Amino acid sequence: MLDFLRRSATSVFSWLILAALAVVFVVSFGLPTDAVMTGSRPLVKAFGERIDEQAYRVQYNLVRRFLPVPKDARFQQMIGFKEEVLESAIERELLRDVAEEMGLEATERDAEDLVANGHIIVLGDTYDWLGNLNFDYELFTNAFLRPLQTSEKAYLELQRREWLARTVRDLVEAGVPVAEGELRRRYDDEANRISLRYARFAFAEFARDVDPTTEEIEAWLEGHRDELAQEFDRQGTRFLKLPPQAKVSVIELPKAVPLADATDEAAEETTRPVAALALAVRQRLAGGEDFRAVARETSAHASAPEGGALGWITIKAGTGIDPVVDQAITDLGEEGLSPVLEGEHAFYIVRVEGKREGDVPQEEALRELAADAVKLDRGRARADEAARETLEAAREQGSVEAVIGALRTRAETDPRVEVRETGLFSESEPVPALGRSPELVSAAWTIDAENKLLDQVYTVGQAAVVAVVERRETGTDEEFLRARPSLHAEAKREKAARVLSAWAKYRCRDARDRGQVIPNDELLGRILTYDVPESEALPTKPYAVCDRVGGRGGLLRSGLFGRGDR
């Protein structure tokens, strides 16, 4: 067929198109910079085939032509792009070898027909590279083969081998059984969905106004020393080789904003009452009032719910609040209370409770971890209590809409509470924005109460949750019968991919151990490198032949990059 097309390719107009397409193809999908020929030594000998740099280069450019792989070298290194390209060629030869053992055949004419129909097999998928155009032999040779730097004969042989490999994949897929019950479960999982409206009471939010006493911290340390020691090991970097740090709390009193055309005298008038208030607050603190209580009462800073506590801050980095605050932290000693500080937009009072540098003694670190644990534990208790109160109020409502109204009311009166809708999800999926909670999901699917309120407070992650079923969709037998053919095809593809993946990996490693797959480590060490600065390079596992065989390109074929027509 291609001989006939060669003799028929005489259109001058087509040559004009060819030149433009060839330039675009070369610019967009040029050769990798490290793919310079170094002779005929193969990168890998696999199942009687020598995969040399030329064959690797063709595979490389084909993958880049048909899958939109990001050009970022660091990203390519992260997914192992070059390793996937090489291993996909090895996988092709493995399956081709199996096909020939089975007596299967694909001829050059089969490959020619594939080309003439505008199709190409890459990573086991069939792509239509012509689109709505008719096949033109000159277009094929000049805009397709030349950028690949391969001959027509070599390309047809490549596609013949891909044809055989795909035949094996098709045979495995055809022979994979799929039980009827599996199809029904698959359908139900997709068709049966619910949407929840929930109120989330995060433990950390309810812990913000908890001030652990010394006695509580010591008691927790005594009762949970082993757990705290394990946590210390996990958070080791939090307490080791620290730069100079200070434990800081702050009260912020914003200045009134003067009008844009106000005089300096008028602007001063607007700040004078705030300055007086700041002095009064400072006097209260000097008189012995608790800093945390005063901060919660007077401060406008985001840290006010936590008593103004900023925690341990790195002195050199600063707080990011105002330069006068950072300067006060530097000036204050190990402990101290600043005078009233005037910043650009507010007055501040700063307290330093301690300073440290280097390694924190383990006992001191354990005490700090114990304080965190006490706060979170008491925050959990408060969140659970608030959630139970909300649940009791919602129980009195007679409809889904009224229950949702009760949840919203709680959120409007308590900024620590978050009310959200999940959107539709299936029983096997995590609850959107919440995570996995089998107990909650099971209750949602079995509830028969009129107002659809789940009659329990659930702990999901680090929060207490009150939920109501807002919407529910269920499949039908009629819809299942309509969906069954596509479900069956999808199930066979997925099962066949798993079966073939495990089998191909096993066969490749077995062949490697028997000397039928032989890598050239010297050449591979040069080819499988990325143009990434050493300081930005990611720690990667050394390449081992056959490790990625069975994935048919792995991430290269995932939904991240797209797929072919098949």
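A few comments on the model shown:
- Residues that are among the aliphatic types (A, V, I, L, M), farther than 18 Å from E357 by Cα and in contact with a strand residue (DSSP E or B) (Cβ under 7 Å, 6 or more places away or on another chain), drawn from segment 296-327: A300, A309, I321, V324, V325
- Residue check, E180 under 30 Å from T476 (Cβ atoms), out of contact with any helix residue (DSSP H, G or I) (no Cβ under 7 Å at 6 or more places or on another chain), outside the structural domain of Q462 (by TED's automatic domain parsing) and acidic (D, E): yes
- Every listed requirement among (1) of a type in the set (S, T, N, Q); (2) crowded, with 20+ Cβ neighbours inside 10 Å; (3) under 30 Å from P485 (Cα atoms) is met by N142 save one, (3).
- Residue check, E297 in a helix (DSSP H, G or I) and assigned by TED's automatic domain parsing to the domain that holds P273: yes
- So R356, is it touching a residue at least 12 places away in the same chain (Cβ under 8 Å) and either surrounded by fewer than 17 Cβ atoms within 10 Å (Cβ to Cβ) or assigned by TED's automatic domain parsing to the domain that holds A229 (or both): yes
Yes/no per residue for (1) within 30 Å of V468 (Cβ to Cβ); (2) acidic (D, E); (3) surrounded by 15 or more Cβ atoms within 10 Å (Cβ to Cβ):
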site: Y155; (1), (2), (3): no, no, yes
site: V168; (1), (2), (3): no, no, yes
site: E173; (1), (2), (3): no, yes, yes
site: R186; (1), (2), (3): yes, no, yes
site: A207; (1), (2), (3): yes, no, yes
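- Restricted to segment 117-192, the set of helices (runs of 4 or more DSSP H) holding at least 1 residues that are within 19 Å of R64 (Cα to Cα), modelled with pLDDT under 95 and over 37 Å from the mean Cα position of the chain (by Cα) comprises 137-140, 152-175.
- Unmet criterion (only one of (1) over 25 Å from Q159 (Cα atoms); (2) modelled with pLDDT under 50; (3) not polar (S, T, N, Q)) for L21: (1)
- The residues in segment 99-114 that are hydrophobic (A, V, I, L, M, F, W, C) and more than 22 Å from V85 (Cβ to Cβ) can be counted, and the count is 3.
- Taken over segment 209-235, residues that are closer than 22 Å to P305 by Cβ and either acidic (D, E) or not assigned by TED's automatic domain parsing to the domain that holds E364 (or both) amount to 3.
- Selected residue (only one of A393, A370, A406 is farther than 30 Å from F232 by Cα and crowded, with 18+ Cβ neighbours inside 10 Å): A406
- With respect to the conditions (1) part of a helix (DSSP H, G or I); (2) of a type outside the set (K, R); (3) modelled with pLDDT under 95, V325 lacks only one, and its number is (3).
- Taken residue by residue, segment 346-356 has no member that is under 35 Å from the mean Cα position of the chain (by Cα) and of a type in the set (D, E, K, R).
- Of residues in segment 302-341 being of a type in the set (V, I, T) and farther than 11 Å from S249 by Cα, the one nearest to the chain's Cα centre (by Cα): T314
- The one condition in (1) under 16 Å from T167 (Cα atoms); (2) free of Cβ contacts under 8 Å to residues at least 24 places away in the same chain that R92 fails to fulfil: (2)
- Within the set P485, P415, P438, the sole residue that is closer than 25 Å to A207 by Cα, surrounded by fewer than 12 Cβ atoms within 10 Å (Cβ to Cβ) and not assigned by TED's automatic domain parsing to the domain that holds V210 turns out to be P415.
- Residue within segment 524-536 that is in the same structural domain as D125 (by TED's automatic domain parsing), modelled with pLDDT under 85 and not charged (D, E, K, R) present: yes
- Single residue of segment 359-380 satisfying the filter (in contact (Cβ under 8 Å) with a residue 60 or more places away in the chain and not in a helix (DSSP H, G or I)) that is farthest from G311 (Cα to Cα): D359
- Just so you know, in segment 41-80 the residues that are in contact (Cβ under 8 Å) with a residue 24 or more places away in the chain and among the aromatic types (F, W, Y) include one that is nearest to A511 (Cα to Cα), and it is F47.
- Of the residues making up segment 116-149, those that are closer than 25 Å to G48 by Cβ and hydrophobic (A, V, I, L, M, F, W, C) are I120, I121, V122, L123, L148.
- Of all residues in segment 409-467 being among the β-branched types (V, I, T) and part of a strand (DSSP E or B), the one that is nearest to D188 (Cα to Cα): V431
The values are calculated or read from the model by the stated rules, or taken from the named source; none is laboratory data. Computed from a predicted structure; not experimentally measured. All Cβ positions, even for glycine, are placed from backbone atoms using ideal geometry, and neighbour counts span all protein chains on display.
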